[in-house]
Structures are given as C-alpha cells and as structure tokens.
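Step one of this worksheet: look at the structure below.
The values are calculated or read from the model by the stated rules, or taken from the named source; none is laboratory data. The structure displayed is predicted, hence computed values, not measured ones. Neighbour counts run over all protein chains shown; Cβ positions are idealised from the backbone, glycine included.
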C-alpha cells in the first residue's frame, strides 16, 4: 500500500516535481542555471507579494531563519513565541544577539498585541514571529505586528515557512522586513531549500557578522551577476524540483491556490467538530485557525498510538502528532502543497473509522458529511 503523507511538511510531490530531480547535472555558473534562478526568484516574489530582493539558499527553512537573524540583528531581539517554531527563533537569537526577550504565550493561545507593544516600546533592533505555527495550528497576526515594529523602528522578521504558497503573505503591504519560506511545505517541493525576502530597511542594518555560508550579501551579489547564480554550489536537483513546483503554482495561480488551501482546511475543521472533537488553538480577535494544518485535541478513550498508529497501519495515511509538551495531547492533519479533496476525504474517513472503532465516535458519517458540505460533494 502506498502511504499518503498528510503531515505539515514534507508534503507529497507532484510527479512532475519528482521527474525534474532526475535531470542531468548542469553548469551552475551557466546560462541554463541562470534562467532557472531568475524564474524561481520572480515566482517567489509573487508568492511573497514583494518587490524586495529574494535570495535562495541550499538549506532548509531553519537555515533561512538563521540567516534572517544573523545578518540583521546583533543587539536586542524580541521573540514572540506561542509554539515550537517561535522557540526556535529564541535559540537562534541567543547565538547572535546581545540579548533576547522571550515574549512567551501558552502554546496554542493567541498572542497579546499589547504585550508585544510593551516589549517593543522598551527598545529592540528586531522582533520575530512565526506566521503559521504548525505545532499548534494557529495563524498569528503578521500585519498587526508589522505595524508595531514600524512604530518602534524595529525590523520585523517573519517565519512564513508554512504559509507562503498556501495562504496570504503580503510582505510589502504589511511591512515585513525579512520573510522566510521553506521548499517542502506549501510550495510543494522537496526539503532542502529556503528563500529569504529582504527589504531595503533591513539591508541598511547589516551586522557584518553573518556565518560565511549564510551571508545574504554574498547571495545578493551573486544574484546580480550575469548569469544569475548562487555564491556557493547549489543543490541542483532541488533547484530543478523547485522550478517545476513553482511552474505548477503559476499554472494554478496564487489566488486559486490560497482558496483551495482555505477550503480544504475549513472542511477538515468542520469534519472534526462534527465528530465531537475539539480544535486545539484558542483564538482572539487577531488570530485565526491555520489554513494549512489542523490541530485537534486528542479525545478521551483513545491514545496517540492507537489513533495515528491504526490510521497508518490500516489505511496507509500518515498524520502528525503533537510535539514536545503537546506529545500525546493533540494530532495534526496537514493540507499543504498539492493536496486535494481526494486526499482530505481519504484522511478524514480514516480518522473517523478509527475513532468509531474505539468507541470515541458513536455514529459513522457525520464527519464526512460535514466535510462534503464544504467540498461540494
């Protein structure tokens, strides 16, 4: 049985993307690679909704996060955290910054903008936030935090790793100074590439202390060469795959892609609540449920191993569990990349069947019926 990967990244690959990686190697300083680079940069600018520089790194999303901090912040950094990946910014910041203010909120709860403003009012070079916190299934308020950062003259560094390409990310309109995306999430490409969008305001604040490999000024200088290139040998098969994945996005259009992700996640949320399950995040007026992953509280009467293990063993569907302090307390269903209604129906049906078998759900069909009301079946 072929397994269906329904976690918040990496995501199932389109056959065109898989085939692209079988391409023979080329000269990474030649015209052909230059054309690939130029296309990828232009498409990523569209996905980020920015005219800023976009720099592509052979390294996962965490490499992009480290580049975002190390290149532009050396003094005081404020890190907003309400999940695992917000904490990652803290760990990175402590390696490069004189001081790191940890603005902690309970995992799965909305951030308090008044507390963010209070922290920024006391001075900071930059503030970081995870836009779409996949560990808890919450979409944090990027536009509002960007306004606060501008008010107090702090750079705004946004982890858009699991939102860009699947939900609205408007770097220029919102006023984001540095934004990061990862290839293996909503872009629908394999792991191993990240891209960083950098504003002119951020360029004016270079620290000059970035790691050698993650020195974004080197990436910008190489991109300006003819033909366009990277400062160090790129992971060519991953660039071939990214190129094809971005062509698929262009063909679908970002408008339709965002609409699809929102529709799929809405159907999943409705299915889970129809079965009597409770969504994990607690929202305020500024936060939203994630449109690329749904986090659900583990119901009584079944364990994490029983739910996810049986769904995998008997249906071939892989869903995610909780991380760190949430292990065993929640499970998560991803709908990133090129996932469609077929994959969501398969996943929801598998979860409902297992919950019914263990007596958690007393009646079969309510979850699927609610999902199909959204999916149009």
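Within the bounds of region 183-197, is there any residue that is in a loop (DSSP other than H, G, I, E, B), within 23 Å of residue 96 (Cβ to Cβ), touching a helix residue (DSSP H, G or I) at 6+ places or on another chain (Cβ under 7 Å) and free of Cβ contacts under 8 Å to residues at least 60 places away in the same chain?
no
Looking at region 210-224, I want the residues that are in the same structural domain as residue 95 (by TED's automatic domain parsing) and have a partner that is surrounded by fewer than 13 Cβ atoms within 10 Å (Cβ to Cβ) with Cβ atoms under 6 Å, at least 6 apart or on another chain. Which pairs are those?
none
Across region 168-188, what is the total count of residues that are surrounded by fewer than 24 Cβ atoms within 10 Å (Cβ to Cβ) and under 26 Å from residue 10 (Cβ atoms)?
Matching residues across region 168-188 total 2.
Tell me the residue from 114, 144, 133 that is out of contact with any helix residue (DSSP H, G or I) (no Cβ under 9 Å at 6 or more places or on another chain) and outside the structural domain of residue 327 (by TED's automatic domain parsing), please.
Working: 144 fails: out of contact with any helix residue (DSSP H, G or I) (no Cβ under 9 Å at 6 or more places or on another chain); 133 fails: out of contact with any helix residue (DSSP H, G or I) (no Cβ under 9 Å at 6 or more places or on another chain).
Only one candidate qualifies: 114.
Could you please give the count of residues in region 50-70 that are within 20 Å of residue 152 (Cα to Cα) and in contact with a helix residue (DSSP H, G or I) (Cβ under 7 Å, 6 or more places away or on another chain)?
Number of matching residues: 1.
Would a scan of region 341-363 turn up a residue that is touching a strand residue (DSSP E or B) at 6+ places or on another chain (Cβ under 6 Å), within 26 Å of residue 187 (Cβ to Cβ), assigned to a strand (DSSP E or B) and modelled with pLDDT of 95 or more?
no
The rows are residues; the columns are (1) surrounded by 17 or more Cβ atoms within 10 Å (Cβ to Cβ); (2) closer than 23 Å to residue 368 by Cα; (3) at pLDDT below 95.
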{"position": "248", "(1), (2), (3)": "yes, no, no"}
{"position": "253", "(1), (2), (3)": "no, no, no"}
{"position": "263", "(1), (2), (3)": "yes, yes, no"}
{"position": "300", "(1), (2), (3)": "no, yes, no"}
{"position": "309", "(1), (2), (3)": "no, yes, no"}
{"position": "332", "(1), (2), (3)": "yes, yes, no"}
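Going by the structure shown, is residue 108 under 16 Å from residue 286 (Cβ atoms), under 24 Å from the mean Cα position of the chain (by Cα) and in contact (Cβ under 8 Å) with a residue 12 or more places away in the chain?
On the way: under 16 Å from residue 286 (Cβ atoms): yes; under 24 Å from the mean Cα position of the chain (by Cα): yes; in contact (Cβ under 8 Å) with a residue 12 or more places away in the chain: yes.
Yes; evaluated as a whole, the condition is true for this residue.
Restricting attention to region 76-99, which residues are in contact with a strand residue (DSSP E or B) (Cβ under 8 Å, 6 or more places away or on another chain), crowded, with 21+ Cβ neighbours inside 10 Å and closer than 23 Å to residue 134 by Cα?
Residues satisfying the conditions are 77, 78, 79, 80, 81, 82, 83, 85, 86, 89, 93.
Scan region 108-115 and give yes if some residue there is surrounded by 24 or more Cβ atoms within 10 Å (Cβ to Cβ), at pLDDT 95 or above and not in a strand (DSSP E or B), otherwise no.
yes
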